[in-house]
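The values are calculated or read from the model by the stated rules, or taken from the named source; none is laboratory data. All figures in this text were calculated on a predicted structure; none of them were measured in a lab. Ideal geometry is used to build each Cβ from the backbone, glycine not excepted, and the neighbour counts take in all protein chains shown. What goes into the accessible areas is simple: the full protein's heavy atoms, side chains included, and nothing from ligands, DNA or RNA. Shrake-Rupley method; radii C 1.70, N 1.55, O 1.52, S 1.80 Å.
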Amino acid sequence: MGKTAEFDLCVVVDDDEDILTAARLLLRSQFTEIVTARAPDEAIAAIAGRSADVVLLDANFARGATDAAEGLAWLDRLLAIDPELIVVMITAHAGVNVAVEAMKRGATDFVSKPWSNERLVATVRTAASLRRSRRAVAVEKARVVAITDPAPGANTPLIGRSAAMARVHSLIARAAPTEANVLVLGENGTGKEIVARALHAQSLRARQPMLTVDLGAIATELIDSELFGHVKGAFTDARADRIGRIQAADGGTLFLDEIGNLPLHLQPKLLTVLEQRQVTPVGANRPIPVDIRVIAATNMTPQTMRDDRHFRQDLLFRLNTVEIELPPLRDRREDVAALVDHFLDHYARRYNRRAPVLSTGARAALSAHDWPGNVRALRHAIERAVILAGDAPLEAEDFPLGTVTPRVAPEAVVAPVATEFNLERVERRLVEEALKKHGYNISMAATELGLSRAALYRRMEKHGL
């Protein structure tokens with residue numbers, strides 16, 4: 001039994017029947033099928049709807065022609081049909097000049113007549129391997145893009161006409177059209193991902209994907225592979241090559257949420273990506289060029305980010321070319337009414353309900369509330385109210401506003417009140433006080449409570465925080 005061919009389809013285009021026969025006999029062990037054609041239009045018709053691994057294209061077809069004009073014109077036409085097509089030019093007359101021009105126009109490589117059999121096989125194999133690699137990257141990129149759907153609420157418009165939000169809108173409008181990296185600061189729930197999506201939507205990369213990586217939701221030991229990718233055999237479970245989120249975002253925008261959770265030992269690797277515009281997968285020997293714009297976000301305070309015990313300052317300087325700080329909702333209470341109306345309409349349509357009416361007291365209470373969970377907490381409160389609403393106007397009591405909890409000093413110990421025995425209320429207060437104590441830093445609050453970040457997020461969702 002003969003050896004199975006490694007590649008699927010090779011197309012050879014030349015007006016010399018002897019050349020076609022020689023190429024077919026030489027390459028038949030490498031490809032399952034070889035299509036030969038004496039004119040490019042015949043080749044195009046023969047492979048319509050199919051994907052060739054490589055096309056060998058002669059530079060001249062007309063009798064006596066030596067300028068390669070016809071071959072170069074067909075090269076342009078082939079690449080217009082399939083920009084990812086791998087084309088190897090076959091040159092004879094003025095070979096070097098033709099080859100240079102062909103590669104400027106998008107050819108992958110060239111071979112000269114009369115060719116060396118070893119050279120032709122090596123060139124075609126390399127070209128076919130490149131095509132296979134591009135397909136694998138395209139498939140993997142599509143997979144990565146598919147699993148990075150926006151978080152719930154991420155597509156909410158950036159609502160607010162307060163002075164604080166006017167500054168945010170102005171910074172977005174000025175920074176978005178540039179290639180500058182942007183660092184978005186703000187408490188949890190203030191809308192950092194919404195800002196990132198607004199920056200991307202108004203950028204020159206808007207037609208390309210924006211990939212989101214929540215560094216707070218990925219196990220520390222997996223961040224290296226998730227961000228930078230890996231090659232087969234790089235570690236025990238690396239059974240195949242896998243591109244990372246950075247490579248998958250090539251041409252578009254990479255949003256690094258919770259950048260403060262990037263381990264210190266990986267920060268130099270990200271710095272290298274930003275400085276050299278190339279990424280080296282785990283276990284790989286050669287870097288891969290990437291073209292990305294980075295938007296990062298964190299709930300850490302600016303003071304914490306500028307402490308090199310937490311974050312490398314040279315990386316910070318690369319990330320915060322433009323810095324946008326989102327105000328907490330309690331500092332822009334004048335925006336609450338517009339947010340309430342937006343979420344009432346949104347959830348009424350989502351649940352096919354009539355938007356409930358709010359009493360004057362309810363609106364006043366919503367505007368007066370501190371909203372420790374910011375816009376996210378307000379959104380959940382409105383969603384719950386729409387679901388449970390009856391025919392009567394909604395009152396303040398219809399929203400999970402709770403009682404005003406005094407601010408806890410940093411050194412205070414979070415502990416339940418001895419006379420409180422309702423587990424739901426105790427849990428809510430513990431979570432709320434831990435978040436306040438640590439300035440809404442999820443990682444620190446989760447550690448204080450003895451929970452994982454994911455478990456803390458679930459409890460915040462549960463209690464509308």
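Counting only helices (runs of 4 or more DSSP H) that sit wholly inside region 154-239, those with at least 3 residues that are modelled with pLDDT under 90 and not basic (K, R) are 223-228. Summed over region 1-55, residues that are part of a loop (DSSP other than H, G, I, E, B) and either at pLDDT below 85 or open to solvent by less than 50 Å² (accessible area, probe 1.4 Å) (or both) total 16. Scanning region 77-122 for residues that are hydroxyl-bearing (S, T, Y), open to solvent by 10 Å² or more (accessible area, probe 1.4 Å) and outside any loop (DSSP other than H, G, I, E, B) turns up just one, S112.
The set of residues from region 429-459 being of a type in the set (S, T, N, Q), over 16 Å from T298 (Cβ atoms) and outside any helix (DSSP H, G or I) comprises just one member, S452. Being of a type outside the set (F, W, Y), out of contact with any Leu (no Cβ under 9 Å at 6 or more places or on another chain) and closer than 15 Å to L185 by Cβ holds for only one residue in D307, D241, and it is D307.
Can you name every residue in region 280-330 that is loosely packed, with under 15 Cβ neighbours inside 10 Å and in contact (Cβ under 8 Å) with a residue 40 or more places away in the chain? Listed by number, the residues that qualify are D291, P302, H310, D314, T321, R330.
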